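Structure record follows, encoded as structure tokens.
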Amino acid sequence: MNQHAKIEEKKPFWLKDNFAPVMAELTEMQLDVTGSIPPELNGRYLRNGANPPSGETAHWFLGQGMIHGVELQNGKANWYRNRYVRTPLMAEGSNPMEAFGDMTKSLANTHIVGHAGRILALEEGHWPFELSPELETIGAYNYDGELKTGMTAHPKVCGETGELLFFAYGVAPPYLTYHRATADGELVQSEEITVKGATMVHDFNITRNHVIFMDLPACWNFEAAGDMGLPIQWDESYGARLGVMPREGTDKDVVWYDIDPCYVYHPLNSYEENGKIVLDVCRMAHIMKPGAPDVPPMLYRWTIDQAAGTVTETQLDDRAVEFPRVPDSLVGLKHRYGYTAEFGAGGPAAVAFRKYDLETGASTAHNLQGRMGGEPVFVPAAGASAEDDGYLLSFAYDPSEDKSELVIVDASNVEADAVARVHLPTRVPFGFHGSWIADPA
Ligand SMILES: [Fe+2]
């Protein structure tokens with residue numbers, strides 16, 4: 001092994017192979033397509049991820065956000081662009097671990113969502129950053145000064161009302177704050193929620209009538225951080241709980257349910273049925289546990305019986321799956337199907353998109369045949385009537401070309417070949433979350 005290969009070998013996974021950042025911001029209007037792009041897909045697929053400009057970071061979660069996007073219209077791919085989210089943190093080259101107090105010093109690297117006509121790039125400790133449809137950074141967005149905390153990277157747009165329900169967590173009090181914005185983008189509620197301490201609260205759950213917080217033992221610990229990159233450490237003595245609150249409730253309305261210690265980065269979805277709350281989640285036995293290797297995430301179901309005061313936990317599959325999605329229109333409502341990234345041996349990247357039928361318990365997969373992808377984002381077909389009548393969109397990396405594609409898969413028949421592959425001029429590093437931002441009707 002030569003010296004260069006030895007240095008590469010020693011790098012952590014997020015700085016090598018297709019996790020490594022790209023150095024150029026590109027705009028490409030001439031894109032080759034294999035197959036045919038469904039003509040009803042009019043809008044932009046946008047995806048966020050960590051892309052450290054220096055090429056180095058202490059943890060996968062700590063690189064500056066870069067958005068990769070493809071615009072589709074009338075069966076044609078109009079453009080591919082990749083752009084940094086230009087926050088003050090990027091301009092100053094600051095250490096994100098020293099930027100907790102200033103709500104503008106965001107990495108903005110985790111998710112990108114559309115709400116009330118705005119496109120917001122999100123991370124979980126700071127204000128959102130608004131972007132133009134061409135991915136230029138407009139600036140920090142704080143609801144005309146009303147938002148006093150950051151915003152989670154996983155706000156939920158209610159499939160029925162269009163409200164944006166979200167929270168923020170703090171490494172200092174208040175440790176947890178709940179927020180609710182109207183479909184028009186007016187922040188109408190902010191409530192402090194009492195929890196015991198500072199934990200990493202990455203995501204949460206909504207149903208038609210409730211929100212459900214996950215208070216899990218990934219605890220901020222600035223003394224014990226060591227060389228882990230993120231000052232977060234597993235601490236089972238903290239306990240693990242789910243907190244159920246009416247959507248317009250307050251701290252005193254939260255009912256907490258103890259569960260077995262575990263971590264959930266991402267729920268698939270949750271809903272209410274027959275007086276119970278059902279949550280399908282990608283559950284890990286632990287994370288960031290000193291001396292213990294990470295364990296794969298697997299699909300589980302929690303069923304909360306509010307009348308009986310109980311939670312039952314059921315493992316639904318033993319495959320390693322993450323980045324779960326349902327159609328945006330079903331967030332908080334009953335889903336039959338869930339779409340996930342099925343991980344292989346090469347780290348947190350998808351070798352297949354696995355589709356679960358939660359009614360029958362069966363699953364099917366779209367094998368990426370040597371390419372590696374990410375979170376499958378569901379986009380409905382025109383006039384769709386069946387829940388799975390639509391498409392899954394994701395970037396996929398082709399190691400033989402060292403380039404990436406936007407793959408478009410028929411969600412009703414995932415085992416078939418991709419209906420279209422839009423060939424991009426560069427590789428797109430494996431990243432985090434994305435959205436389909438449809439053109440205005
Ligand atoms: Fe996430």
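For every helix of n ≥ 4 consecutive DSSP H residues, a contribution of -39,500 (n - 2.57) applies; sum these over the chain, divide by its total residues, and give [θ] at 222 nm rounded to the nearest 500 deg cm²/dmol.
Working: 2 runs with 13 residues, N = 441.
Estimated from H runs of four or more residues: -500 deg cm²/dmol.
Within the set LYS276/LYS355; LYS156/LYS334; LYS105/LYS148, which residue pairs have Cα atoms separated by over 20 Å? Before the final figure, lay out each step's value.
Details: LYS276/LYS355 24 Å; LYS156/LYS334 15 Å; LYS105/LYS148 14 Å.
Flagged as over cut-off: LYS276/LYS355.
Averaged per residue, what accessible area in Å² does the chain show with a 1.4 Å probe, protein chains only?
About 40 Å² of surface per residue is accessible.
Pulled fully out, how much extra length does the chain show between THR314 and THR194, if you take 0.36 nm times their separation in residues and subtract their Cα-Cα distance? If you can, show how the numbers build up before the last one.
Values: separation 120, 0.36 × 120 = 43.20 nm, distance 2.80 nm.
40.4 nm is the gain from fully extending THR314 to THR194.
Relative contact order for the chain: what percent, with Cα pairs under 8 Å and sequence separation of 6 or more?
13 percent.
What distance in nm lies between label points placed 7 Å from Cα along the C-beta direction at ASN367 and ASN274?
Once both label points are built, they end up 3.8 nm from each other.
Of all trypsin sites (Lys or Arg not before Pro) in region 152-237, which ones are in loop regions per DSSP and have a Cβ with at most 13 other Cβ atoms within 10 Å?
LYS196
Share of the chain's accessible area from carbon and sulfur, percent, 1.4 Å?
Carbon-and-sulfur percentage of accessible area, whole number: 48.
List the GluC sites (Glu not before Pro) within region 293-361 that fall in a DSSP loop (any state other than H, G, I, E or B) and whose Cβ has at most 11 other Cβ atoms within 10 Å.
Here the GluC sites (Glu not before Pro) that fit, given the DSSP loop and packing criteria, are GLU359.
Residues in region 324-340, backbone N under 16 Å from the label point at THR360 (7 Å along the Cα-to-beta-carbon vector): list them, ranges by number please.
It comes to 336-339, nothing else.
Taking the Cα-to-Cβ direction at GLU56 and at GLN73 and moving 7 Å from each Cα, how far apart do the two end points lie in nm?
Result: 4.4 nm between the two label points.
Would you mind counting up the charge near GLY117? Only other residues with Cβ under 15 Å from its Cβ, with Lys and Arg at +1 and Asp and Glu at -1.
Neighbour charge sum, excluding GLY117 itself: -4.
With just the Cα atoms defining each centre, how far is region 64-87 from region 199-239? Give it in Å.
Taking the Cα centre of each part, region 64-87 and region 199-239 sit 32 Å apart.
How much length, in nm to one decimal, is gained on full extension between ASP258 and PHE222, taken as 0.36 nm per residue of separation minus their Cα-Cα distance? The partial results should precede the final answer.
Working: separation 36, 0.36 × 36 = 12.96 nm, distance 2.62 nm.
Length difference between fully extended and current span is 10.3 nm.
Select from PRO173, PRO38, PRO425 the residue whose mean-square fluctuation is largest in a Gaussian network model of the chain (Cα-Cα springs shorter than 10 Å).
PRO173
Using Cα positions and a limit of under 23 Å, work out the lysines in reach of LYS11, with same-chain residues fewer than 8 apart set aside.
Of all the lysines, those that pass the test against LYS11 - Cα under 23 Å, at least 8 places apart if same chain - are LYS289, LYS403.
At 0.890 mPa s and 25 °C, plugging the Kirkwood radius over alpha-carbon pairs of region 87-163 into Stokes-Einstein gives what diffusion coefficient in µm²/s?
It comes out at roughly 191 µm²/s.
The values are calculated or read from the model by the stated rules, or taken from the named source; none is laboratory data. Every value quoted in this text rests on a predicted model; they were computed, and no experiment measured them. Cβ: placed from backbone, ideal geometry, glycine included. Neighbour counts: every protein chain shown. Heads up: the accessible areas ignore ligands, DNA and RNA and are worked out on the full protein's heavy atoms, side chains in. Shrake-Rupley method; radii C 1.70, N 1.55, O 1.52, S 1.80 Å.
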